[in-house]
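The values are calculated or read from the model by the stated rules, or taken from the named source; none is laboratory data. Computed from a predicted model, the values in this text were never measured in an experiment. Positions of Cβ are generated from backbone atoms using ideal geometry, with glycine treated the same way; all protein chains shown enter the neighbour counts.
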Amino acid sequence: MDDLGGERAVLRRFLDDLNPEDVVYDVGANVGTYTCFAQQIVKDGRVHAFEPHPGNASRLADNVRETGDTGVTRIHRVAVSDDSGTVSLAVGGSVTGKGTHNVLGNGESSIPVDAERLDTYVDETASRRPDVLKIDVEGAEDRVLEGAEEALGHARLVYVEVHPQHGVSIDGVESRLEDAGFVIEPMEVRVSQPFLRAAKSGE
């Protein structure tokens, strides 16, 4: 939890944006940095953490408990994508929390994991749609957004890390968010991986 990987300013802004009643979706939660901090603020809402990698998801669950689980956090061990089914999750080594796992098929090895469209998953689990959506999925940003049209329509804020090194177009992600009614604010860049803060009017 001490190593924020250069995201300290992004995390601080993200937390400042949260309200106690918010429903927060952490897509690509890894071992839970954003989730664990968010659950300290979201007292009357819900934090949904999506993490398909078994080792990361287990560490995520441990971290949620160890940082003061208030009962608002739900962990979903699925990959969020543009379709539902089974996908191959490429794993970049054996280090838990390394943050290089993706569904692009470019890792050292791969494991099968369940995948869901976000909108489908929300409907099937009868969950509230997100007020705040954070996405960090190592190059699958377009796939997540493609399957989250209704979620984007409801959300007031989206934080997304874009990974151009995996072929993701920054302009494309921005255009998709703008089409959904968001105003884009680029945030800090880490090794050419910008975080975008996308807000609806008034946020």
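Counting only helices (runs of 4 or more DSSP H) wholly contained in segment 1-75, the ones carrying 2 or more residues that are closer than 21 Å to VAL162 by Cβ and touching a helix residue (DSSP H, G or I) at 6+ places or on another chain (Cβ under 9 Å) occupy 8-17, 33-41. Screening the candidates ARG77, ARG65 for the property of being farther than 22 Å from SER110 by Cα and either surrounded by fewer than 20 Cβ atoms within 10 Å (Cβ to Cβ) or of a type in the set (A, V, I, L, M) (or both) yields one hit, ARG65. Within segment 147-192, the set of residues being touching a strand residue (DSSP E or B) at 6+ places or on another chain (Cβ under 6 Å) and among the aliphatic types (A, V, I, L, M) comprises ALA155, LEU157, VAL158, VAL160, VAL162, LEU177, VAL183, ILE184, MET187.
Take the conditions (1) at pLDDT 95 or above; (2) farther than 15 Å from ILE135 by Cα; ALA9 misses just one of them, which is (1).
For (1) free of Cβ contacts under 8 Å to residues at least 60 places away in the same chain; (2) closer than 26 Å to PRO194 by Cα; (3) small (Gly, Ala, Ser), each residue gets a yes or a no:
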residue	(1), (2), (3)
THR33	yes, yes, no
CYS36	yes, yes, no
GLY45	no, no, yes
ALA49	yes, yes, yes
GLY55	yes, no, yes
SER58	yes, no, yes
ARG65	yes, no, no
ARG74	yes, no, no
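Residue count for segment 126-147, restricted to those that are free of Cβ contacts under 8 Å to residues at least 40 places away in the same chain and in a helix (DSSP H, G or I): 2.
Counting the residues of segment 163-196 that are modelled with pLDDT of 95 or more and of a type in the set (Val, Ile, Thr) gives 3. Taking the conditions (1) buried (at least 23 other Cβ atoms within 10 Å of the Cβ); (2) more than 21 Å from ASP142 (Cβ to Cβ) in turn, ARG13 satisfies each one other than (1). Among the strands (runs of 3 or more DSSP E) confined to segment 152-201, the ones with at least 3 residues that are in contact (Cβ under 8 Å) with a residue 24 or more places away in the chain, among the aliphatic types (A, V, I, L, M) and within 22 Å of VAL23 (Cβ to Cβ) are located at 157-161, 194-199.
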